[in-house]
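Visitor: This is the structure, below, for whatever I ask next.
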Amino acid sequence: MTVTHNVDFRAGQNAKDYTVPGLEVSTGHKIAEQLQKQLHDLNELHLTLKHAHWNVEGPNFIGVHEMLDPQIELVRGYADEIAERIVALGVAAVGVPGAIVKNRNHEDYALGFASTIDHLSALDDVYTRVIESYRESIAMTGEVDPISEDILIGHTAELEKFQWFMRAHLER
Ligand SMILES: [Fe+2]
């Protein structure tokens, strides 16, 4: 079967003729294609978080600067976990930057040097978008693949917690 990736990634083999046990091959590959959305989001997110880490300034600089690094490590780990699930499902995981840009419907993160409040407000919006997409994938995978669903649920809980950390800075 041919997987029509929602990405232009055609050099070399895209998909195996297997998936994880207990799923139809076409179902497993469809889930992998869904998970690719999270992989793109996560790869963009850890780059964006570093960008904010470098350029944030003003009151509470050090708190925000240092708060971002552990989250970046977490998100990088999540990208790895999602990518390896995609491959276990029998589909090539796409990690190239061009595919991220090509398949997204939003603009690049817009801020350069900016205050902690401005960066956290912008990142709050980024998290809302990323988490909404996670919830769509939870709904999609939940019906057929509780293993992928479980990975997504664990990630979403931590992403929502970090969004709360950022929102707490924005109060008052
Ligand atoms: Fe740093």
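The values are calculated or read from the model by the stated rules, or taken from the named source; none is laboratory data. Because the structure is a prediction, the values reported are computed rather than measured. Counting neighbours? That spans all protein chains shown, and the Cβs are built from the backbone with ideal geometry, glycine included.
Visitor: Identify the single condition in (1) touching a residue at least 12 places away in the same chain (Cβ under 8 Å); (2) part of a helix (DSSP H, G or I); (3) surrounded by fewer than 15 Cβ atoms within 10 Å (Cβ to Cβ) that Glu66 does not satisfy, given that it satisfies every other one.
Guide: (1)
Visitor: Here are some conditions: (1) at pLDDT 95 or above; (2) out of contact with any Ser or Thr (no Cβ under 6 Å at 6 or more places or on another chain); (3) surrounded by fewer than 19 Cβ atoms within 10 Å (Cβ to Cβ). Pro59 meets all but one. Which one does it not meet?
Guide: All conditions are met except number (1).
Visitor: Which of the residues that make up segment 72-90 are of a type in the set (Gly, Ala, Ser) and either out of contact with any helix residue (DSSP H, G or I) (no Cβ under 9 Å at 6 or more places or on another chain) or within 12 Å of the ligand (Cβ to nearest atom) (or both)?
Guide: Gly77 - this is the single residue of segment 72-90 that is of a type in the set (Gly, Ala, Ser) and either out of contact with any helix residue (DSSP H, G or I) (no Cβ under 9 Å at 6 or more places or on another chain) or within 12 Å of the ligand (Cβ to nearest atom) (or both).
Visitor: Inspect all residues belonging to segment 146-169 and state whether any of them is assigned to a helix (DSSP H, G or I), under 26 Å from Thr27 (Cβ atoms) and hydroxyl-bearing (Ser, Thr, Tyr).
Guide: yes
Visitor: Pick from segment 57-71 the residues that are under 15 Å from Asp118 (Cα atoms) and within 11 Å of the ligand (Cβ to nearest atom): which of them is nearest to the chain's Cα centre (by Cα)?
Guide: Among them, the one singled out is Leu68.
Visitor: Moving on. Surrounded by fewer than 16 Cβ atoms within 10 Å (Cβ to Cβ), within 18 Å of Thr48 (Cα to Cα) and without any contact (Cβ under 8 Å) to a residue 60 or more places away in the chain: which single residue out of Gly77, Gly142 fits that description?
Guide: Gly77
Visitor: Further question: Could you list, in sequence order, all residues of segment 104-135 that are touching a helix residue (DSSP H, G or I) at 6+ places or on another chain (Cβ under 6 Å) and closer than 23 Å to Ala15 by Cβ?
Guide: Hit for segment 104-135 is Ser133, nothing else.
Visitor: Please verify whether segment 43-54 includes one or more residues that are closer than 20 Å to Glu149 by Cα and not in a strand (DSSP E or B). I'd like the intermediate steps shown before the answer.
Guide: Let us first name the residues in segment 43-54 that are closer than 20 Å to Glu149 by Cα, namely 43.
The next check asks that each one be not in a strand (DSSP E or B); those that pass are 43.
Taking every residue of segment 43-54 in turn, at least one turns out to be closer than 20 Å to Glu149 by Cα and not in a strand (DSSP E or B).
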